[in-house]
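The values are calculated or read from the model by the stated rules, or taken from the named source; none is laboratory data. Quick caveat: nothing in here was measured; it's all calculated off a predicted structure. Glycine gets a Cβ as well: all are built from the backbone with ideal geometry, and neighbour counts include every protein chain shown. To get the accessible areas, we keep the full protein, side chains included, count just its heavy atoms, and leave off ligands, DNA and RNA. Shrake-Rupley method; radii C 1.70, N 1.55, O 1.52, S 1.80 Å.
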Amino acid sequence: MSSSGAAFAVSAAKLKAKLNSDEEAVGSYFCETKSEGGHHHQRAWPETIECSLGPTNSGKTWRSLEFLAETGAGCYAGPLRALAWEVRMDLQERCSKKWGGVAPTVGLWTGEEKVDVDASILCCTAEVAPKKGKVLVLDEVHWCVEPTRGAAWTKLLLAAAAGKYQHVRICGPTQASALLRTIFEKHANQFAVVPCKRRSRLEFRGDVASCGFGASHNGGGVVNNNNHTSNTTNTNNHARTAPEDGEDATAKPHHGPPPQRGPGRYNGGGGHHHQSHHPANALTAFLKKTCLEEKRRVAIVAFSRNAVLSLAGAAQAAGVRASALFGKLPPEARRGQLRAARDGDLDVVVTTDVIGHGVNLPIDDIVFAETKKRDSEAKARQLAVWEAAQIAGRAGRGTTPGNAWVLQANDRDLIRRAVDLANGDDDDDDDEDFDDDDDSKQS
């Protein structure tokens, strides 16, 4: 069995043992209803369990939110504060269209905000999601195997298997299918998997410098850090991507000079490059060509505050409208950044891997400036292929194709494999890319 399959198998075994030992979880929850003849009878919950599984940009969450809006009561639970906020905006619009003047209210509850928490529909992070209700939409279900926060998803899955929700809608990768079948094996008649295919094609374009960017530019003095950088090229498409847990300098792009080189600044990986082919110069040329000439939108991914700020400064120095998203941005500042990106007021978003966790922005190209991240205080590690796929897959939203690039040539193989996985080309072979040891998904 692959390590990814093994990770889910271990989790499935643990959850099954929990189900068998927990009295509350063993029995079914019954809802008393009245038939037309006035007779009372009991109906076991959950009545329906639908798992929409597939790669990024395959409509998994859209389908589940549509059901929640039509039902008019329940909760959405996901991994990110910004994602909960985005889903709330989405559901308010859907409910208004479906219900008109009697639309159900939609609340928000995260670790930092509470807005109308007694609303008919509640959008929240998984840790604060109600453990019973009419509908549960559980997003990014693969978080259940994450060491730090996975317990929140586990508790919701156990509650769902115990019949605490009338209807269950689960969204996640194809690789989670066996785990979910194990969890809901006592509800086989109510359980269904809906395979979802990616709606647009994602292409790997290589590294920026080798694609010719920077050969005739002396850059804008792109900054530096102690990590990698990525090279990007372009094509003509529109895409949507997703950042979230970002912390930016301000809600408005800064147009001052880029940070100067020095300790902790971004230097494109520290390699010895000819000046005209230095990743910094290549990235500057790429952004000028892609954003200013071709009017495409770009997301640049890095994994430290210094790197994100340096890259954002470099992008601004290149003359594009850029913003940095990472860390613990105040809610209003974060929303301002997201609105600016959605409204077309930004050309470039520089962010961490939170972009891979579900928030949708109009992004055409993803540039991996780095492919190593640090989990808490642990030593920096290489991204797992599935993690890189979650990030890369945010380019090319809807039916519009997207592109993925790297700044460092030695990151080519990882991102090429990630693009294959994001396209759904390697769903069977890349279970190996899920690994319990590599499941830290929070920056």
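Cβ-Cβ distances below 6 Å connect the following pairs, each with a first residue in segment 121-149 that is within 15 Å of residue 51 (Cα to Cα) and part of a strand (DSSP E or B), a second residue that is polar (S, T, N, Q) and open to solvent by 10 Å² or more (accessible area, probe 1.4 Å), and a separation of six or more residues or different chains: 135/71. Before we move on, is residue 112 in contact with a Lys or Arg (Cβ under 9 Å, 6 or more places away or on another chain), open to solvent by less than 20 Å² (accessible area, probe 1.4 Å) and of a type outside the set (Val, Ile, Thr)? No, not satisfied.
Return the only residue of 94, 88, 149, 169 being open to solvent by 10 Å² or more (accessible area, probe 1.4 Å) and touching a Pro at 6+ places or on another chain (Cβ under 8 Å). Walk me through how you get there before you give the answer.
On the way: 94 fails: touching a Pro at 6+ places or on another chain (Cβ under 8 Å); 88 fails: touching a Pro at 6+ places or on another chain (Cβ under 8 Å); 169 fails: touching a Pro at 6+ places or on another chain (Cβ under 8 Å).
Only one candidate qualifies: 149.
Within segment 362-377, the set of residues being touching a residue at least 60 places away in the same chain (Cβ under 8 Å), assigned to a loop (DSSP other than H, G, I, E, B) and over 19 Å from residue 422 (Cα atoms) comprises 374, 375, 376. Filtered by the rule that a residue be under 20 Å from residue 70 (Cα atoms), surrounded by 14 or more Cβ atoms within 10 Å (Cβ to Cβ) and over 19 Å from the mean Cα position of the chain (by Cα), segment 117-134 gives 119, 120, 121, 122, 130, 132, 133, 134.
Every condition in (1) under 19 Å from residue 172 (Cα atoms); (2) surrounded by fewer than 24 Cβ atoms within 10 Å (Cβ to Cβ); (3) modelled with pLDDT of 90 or more holds for residue 398 except the one numbered (3).
Residues in segment 187-202 that are surrounded by 14 or more Cβ atoms within 10 Å (Cβ to Cβ) and among the small types (Gly, Ala, Ser): 200 only.
For the residues 324, 299, the requirement of being modelled with pLDDT under 95, in a strand (DSSP E or B) and within 28 Å of residue 400 (Cα to Cα) singles out 324. One residue stands out among those in segment 311-345 that are without any contact (Cβ under 8 Å) to a residue 12 or more places away in the chain and among the charged types (D, E, K, R): the one that is surrounded by the fewest Cβ atoms within 10 Å (Cβ to Cβ), which is 343.
Does residue 119 satisfy the criteria of being small (Gly, Ala, Ser) and modelled with pLDDT of 95 or more? Talk me through it step by step, then tell me what you get.
On the way: small (Gly, Ala, Ser): yes; modelled with pLDDT of 95 or more: yes.
So residue 119 passes the test.
For residues in segment 338-361 being under 20 Å from residue 125 (Cα atoms) and part of a helix (DSSP H, G or I), which is farthest from the chain's Cα centre (by Cα)? Filtering segment 338-361 for residues that are under 20 Å from residue 125 (Cα atoms) and part of a helix (DSSP H, G or I), the one farthest from the chain's Cα centre (by Cα) comes out as 338. Here residue 103 qualifies as among the hydrophobic types (A, V, I, L, M, F, W, C), open to solvent by 30 Å² or more (accessible area, probe 1.4 Å) and at pLDDT 95 or above. Among the residues of segment 48-82, those that are at pLDDT below 95 and open to solvent by less than 20 Å² (accessible area, probe 1.4 Å) comprise 54, 55, 56, 57, 58, 79, 80, 82. Quick check on residue 174: is it within 12 Å of residue 51 (Cα to Cα) and surrounded by fewer than 23 Cβ atoms within 10 Å (Cβ to Cβ)? In short, yes.
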